[in-house]
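Undergrad: Take this structure, written in structure tokens, and hold onto it; I'll ask about it next.
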Amino acid sequence: MVGFCKRYWSVIMPVIAAVVLAASWGRGMNTVSAIVVGVWLIGAVLAAVHHAETVAHRVGEPFGSLILAVAVTIIEVGLIVTLMISSGEKAASLARDTVFAAVMITCNGIFGLSLLVGALKRRVAVFNAEGTGAALATVATLATFTLVLPTFTTSEPGPVFSGSQLIFAAVASLVLYGVFVMVQTVRHPGDFLPVEGTVSALDDEDEEPPTRRQALVSLGLLLVALIGVVGLAKVVSPNIESGIAAAGLPQSAVGVVIALLVLLPETIAAVRAARRDRVQISLNLALGSAMASIGLTIPAIALASIWINGPLELGLGATQMVLLALTVVVGALTVVPGRATLLQGCVHLVLFSGFVFLAVSP
């Protein structure tokens, strides 16, 4: 029985998550029930990214990293929207906090961990500076447009966009993300592949790519898992918020928890790629997730704001803007040489730890 579950866990998890969702929908949750639902929520997230990775293995790079990033972003958007709807005005800054947390986790946490693992394995982590630099520049532009400018605009009081400004930011985000995807997959896909001559460029995948039938089955299970994730997040959202409040943490910690939960499987996938000398794939996952988090989440939230009452606060505070600016500068200095040692990895990880500490102790 244990062997059966171990072999078919990725099939069992989405199905049971859907069953748990049907059984718990619309019912109050005590602490024990919330913990049980939370376990299946995490299981559904892991299963979703597993099936996204299976589909990605079938289509190959750089499409694989793109599929993983989009799958994670769909989960993130679902969590944000469900929590905003259920929390009302208390969640006015939830989208900002979650997106900013996702950027810091991907551009410092996953990015730094990938470089550290790659450098520890081969002394120097080698990657494609052209593609990685283009991705970082896109992330920096998207983050500035959607998270920094609202703090300084004057059409509306507070760190919010006016209606027309929000529409412009949403459209600009979609356009920029769409152009990047076209460049990554059609115009210059070679810029996002491992550098020739490295082990990662010469090695094929350890396993044979899945068949077309297996990929289609994984695609279907991926959709089931995503539905389970969004629905279960809606079920336990009151418990998440009450738990953070009981711990005496600021409301912004809710966004950090969401981003950490969603990006945990992405982190595992990136580290696994770095251990196989595929540092470029790890960086594609990190920066691709950051880009999708902004480029797809902000337009989705802008559309959802039609049905959500209350303001939508997007502008960052002074501390957050300093962290974002430092991340961009350090990231640019890391990317330019096309190679990194464990020092660069540690610098990004220290930045990430500083973000987490200031999130819980502002």
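Undergrad: Using DSSP loop states and a limit of at most 13 other Cβ atoms within 10 Å to flag trypsin sites (Lys or Arg not before Pro), what is the longest stretch of the chain containing no flagged site?
TA: Values: sites that count: ARG27, ARG123.
The longest such stretch corresponds to 124-362.
Undergrad: Next question. Could you work out how much longer the chain between ARG187 and ILE167 gets when fully extended? Use 0.36 nm per residue separation minus the Cα distance between them, nm to one decimal. Don't skip to the answer; put the middle values down first.
TA: Numbers: separation 20, 0.36 × 20 = 7.20 nm, distance 2.81 nm.
This chain segment gains 4.4 nm when fully extended.
Undergrad: Hey, rough spin-label estimate for VAL360 and ILE268, points 7 angstrom out along Cα→Cβ, what's it come to in nanometres?
TA: 2.2 nm
Undergrad: What accessible area per residue comes out for the range 303-362, rounded to a whole number of Å², with a 1.4 Å probe? Each step should come with its number before you reach the end.
TA: Details: 3260 Å² over 60 residues.
Averaged over the residues of the range 303-362, the accessible area is 54 Å².
Undergrad: Expressed as a rounded percentage, what relative contact order does the chain have, with Cα pairs under 8 Å and six or more residues apart?
TA: On the way: 544 pairs, mean separation 140.9, N = 362.
Contact order relative to length: 39 percent.
Undergrad: To continue, here is another question. How much of the accessible area of the chain, in percent, comes from carbon and sulfur atoms when a 1.4 Å probe is used? Can you show the working numbers first?
TA: Numbers: 11010 of 16320 Å².
Heavy-atom surface of the chain belonging to carbon and sulfur, 1.4 Å probe: 67 percent.
Undergrad: Please work out how much length the chain gains when fully extended from ALA332 to VAL217, using 0.36 nm per residue of separation minus the C-alpha to C-alpha distance, in nm with one decimal.
TA: Values: separation 115, 0.36 × 115 = 41.40 nm, distance 4.00 nm.
Contour length minus the Cα-Cα distance gives 37.4 nm.
Undergrad: List the relative contact order of the range 217-321 as a percent without decimals, with contacts defined as Cα pairs under 8 Å and 6+ residues apart. Could the numbers behind the result be given before it?
TA: Numbers: 23 pairs, mean separation 10.9, N = 105.
Contact order relative to length: 10 percent.
Undergrad: Right, next: Is there a quick way to get the dipole size of the chain? I mean about its Cα centre, with the Cβ of Lys and Arg at +1 and of Asp and Glu at -1; what is the value in debye to the nearest 20? Working shown, then result.
TA: Details: 18 positive and 19 negative charges, 103 e Å.
Magnitude of the dipole: close to 500 debye.
Undergrad: Heavy atoms of the protein only, probe of 1.4 Å, neighbouring chains included. What is the accessible area of ILE74 in Å², nearest 10?
TA: ILE74 exposes around 80 Å² with every protein chain in place.
Undergrad: Next up: Could you give the DSSP H helices of the chain that reach 30 angstrom or more along their long axis (alpha carbon positions) and whose average Kyte-Doolittle hydropathy is no lower than 0.0?
TA: Details: long enough: 31-59 (42 Å, 1.36); 63-87 (36 Å, 2.19); 212-246 (49 Å, 1.29); 253-275 (31 Å, 1.77); 279-304 (36 Å, 1.59).
Qualifying helices: 31-59, 63-87, 212-246, 253-275, 279-304.
Undergrad: Calculate for the chain the 222 nm mean residue ellipticity that helices alone would give, adding -39,500 (n - 2.57) per DSSP H run of length 4 or more and normalising by residue count, nearest 500 deg cm²/dmol. Mind dumping the intermediate values first?
TA: Working: 15 runs with 263 residues, N = 362.
Rounded to the nearest 500, it is -24500 deg cm²/dmol.
Undergrad: Say a site is exposed when it is one of the chymotrypsin sites (Phe, Trp or Tyr not before Pro), sits in a DSSP loop, and has at most 11 other Cβ atoms within 10 Å; what is then the longest site-free stretch of the chain?
TA: Within the chain, the longest run free of exposed chymotrypsin sites (Phe, Trp or Tyr not before Pro) spans 26-306.
Undergrad: Distance between the C-alpha centers of the range 292-359 and the range 97-122? Whole Å please.
TA: Here the answer is 11 Å between Cα centres.
The values are calculated or read from the model by the stated rules, or taken from the named source; none is laboratory data. No experiment lies behind these values; they were computed from the predicted model shown. In this analysis, Cβ positions are derived from the backbone assuming ideal geometry, glycine residues included, and neighbour counts consider all displayed protein chains. Heads up: the accessible areas ignore ligands, DNA and RNA and are worked out on the full protein's heavy atoms, side chains in. Shrake-Rupley method; radii C 1.70, N 1.55, O 1.52, S 1.80 Å.
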